[in-house]
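The values are calculated or read from the model by the stated rules, or taken from the named source; none is laboratory data. Note that the coordinates shown come from a computational prediction; the quantities given were computed from them, not determined experimentally. Here the Cβ is made from the backbone with ideal geometry for all residues, glycine too, and neighbour counts use every protein chain on show. The area values use the complete protein model at the heavy-atom level, side chains included, leaving out ligands, DNA and RNA. Shrake-Rupley method; radii C 1.70, N 1.55, O 1.52, S 1.80 Å.
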Amino acid sequence: MNLPSNLFPHLLLWLADAFYVASLGVAIYLAPWKRLRERRLLNVYLGSCVMLLLIWTMSAGIRPGLSFHLLGSTLFVLMYGWELAYVGLSVVVFGSILDGASDWSSYALNALVMGALPVFISYMVYRWSIRRLPHHFFVYVLVNGYCCAWLAMALTILVSSSLMAVSGAYPIYRIVHDYLPFTPFIAFAEAFMTGMLATGMALTKPHWLSTFDDRRYLIGK
C-alpha cells in the first residue's frame with residue numbers, strides 16, 4: 001500500500017485519475033451531508049480523519065509499495081455510510097501524501113485502492129448481512145466489524161500486490177514470498193481494531209454508527 005507513482009505506467013495513473021474523479025463526484029453528490037450539520041457529529045467526523053491519518057503514519061514495509069498499515073475503512077463505513085467514508089478516506093490519503101508517504105501523481109490510485117475498494121467491500125458485506133443474516137447485535141459486530149474488516153484488508157493487499165505484479169514493479173516471486181505471507185496478520189490487526197471499536201461505539205455511542213439501529217439489533221432480542 002502507499003503506492004508510489006514510479007512503480008506504475010502513466011496510462012494506469014491517468015485511468016485511475018478519471019475513475020477517481022467520477023466515483024468521488026458520485027459520493028459527494030449522494031453523501032448525507034445533513035448528518036454532519038450537528039456540530040458534535042462533525043467534530044467526530046473530522047477527529048476520525050485526523051486519528052486515522054495518525055494511524056496510517058505507523059506503517060512498516062520492506063520496499064516502496066510493499067508496506068502495511070491499518071486502513072480503518074470498514075469502521076468508517078459503519079460510522080458514516082459509504083459516501084462519507086469515501087470522502088473521509090480521500091482526505092486521509094491527501095494528508096498522507098502531504099506527510100510524504102507517497103507522491104501526488106499516484107493520489108488517485110492510492111485513494112481508489114485504499115479508499116474506494118475497501119469501502120465498497122465493506123458496504124457490500126453490510127448490505128448482504130442485512131438481507132441474509134439474523135438482525136442480532138453479535139451478528140452486526142462479528143460480521144460487519146471483525147470479518148468484514150479482515151476481508152477488506154486482505155483484498156486490498158491482494159489488489160495492490162496484483163497491480164504491482166502486473167505493472168512489473170516487482171517480480172511475482174518477491175511479492176508472494178516477501179510480502180503476501182504477512183497478510184493474515186495485518187488483516188487480523190485490522191479486524192481486531194474495527195471489531196473492538198465498533199462494539200464499544202454500539203454500547204456507549206450508538207449515534208456515532210449510522211449503520212446501527214437499536215430497533216433492529218437489540219430490541220426484542
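General remarks:
- Any chance LEU54 is over 23 Å from VAL141 (Cα atoms) and either among the polar types (S, T, N, Q) or touching a residue at least 24 places away in the same chain (Cβ under 8 Å) (or both): no
- Checklist (1) under 20 Å from the mean Cα position of the chain (by Cα); (2) not in a helix (DSSP H, G or I) applied to LEU42, failing item: (2)
- Taken over the range 197-214, the criterion of being open to solvent by 40 Å² or more (accessible area, probe 1.4 Å) and more than 17 Å from TYR126 (Cα to Cα) is satisfied by LEU203, THR204, LYS205, HIS207.
So that you can scan it fast, the table gives a plain yes or no per residue for (1) basic (Lys, Arg); (2) within 14 Å of LEU3 (Cα to Cα); (3) over 16 Å from the mean Cα position of the chain (by Cα); (4) surrounded by 23 or more Cβ atoms within 10 Å (Cβ to Cβ):
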site	(1), (2), (3), (4)
ASP103	no, yes, yes, no
TYR107	no, yes, no, no
ALA111	no, yes, no, yes
ILE130	no, no, yes, no
PRO134	no, no, yes, no
VAL141	no, no, yes, no
GLY145	no, no, no, yes
LEU151	no, no, no, no
SER161	no, yes, yes, no
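- GLY81 being crowded, with 16+ Cβ neighbours inside 10 Å, touching a residue at least 40 places away in the same chain (Cβ under 8 Å), in a helix (DSSP H, G or I) and out of contact with any Cys (no Cβ under 8 Å at 6 or more places or on another chain): yes
- Selection count where residues are of a type in the set (S, T, N, Q), open to solvent by less than 30 Å² (accessible area, probe 1.4 Å) and either farther than 24 Å from TYR80 by Cβ or assigned to a loop (DSSP other than H, G, I, E, B) (or both), scope the range 1-39: 2
- Selection status of ALA165, of a type in the set (A, V, I, L, M), out of contact with any strand residue (DSSP E or B) (no Cβ under 8 Å at 6 or more places or on another chain) and under 30 Å from LEU36 (Cβ atoms): no
- Selection within the range 65-78: residues that are in a helix (DSSP H, G or I) and hydrophobic (A, V, I, L, M, F, W, C). The member of this set that is surrounded by the most Cβ atoms within 10 Å (Cβ to Cβ) is VAL77.
- Pairs meeting the criteria (first residue in the range 176-191 and over 17 Å from SER59 (Cβ atoms) and open to solvent by 60 Å² or more (accessible area, probe 1.4 Å), second residue assigned to a helix (DSSP H, G or I) and not basic (Lys, Arg), beta carbons under 8 Å, at least 6 apart or on different chains) are PRO184/ALA154.
- Within the set ILE97, ILE62, ILE55, the sole residue that is surrounded by fewer than 20 Cβ atoms within 10 Å (Cβ to Cβ) and closer than 30 Å to PRO206 by Cβ turns out to be ILE55.
- The criterion of at least 1 residues that are among the polar types (S, T, N, Q) is met by the following helices (runs of 4 or more DSSP H) wholly inside the range 114-221: 117-132, 148-167, 183-204.
- Of residues in the range 118-176 being of a type in the set (D, E, K, R) and closer than 27 Å to SER23 by Cα, the one modelled with the lowest pLDDT: ARG131
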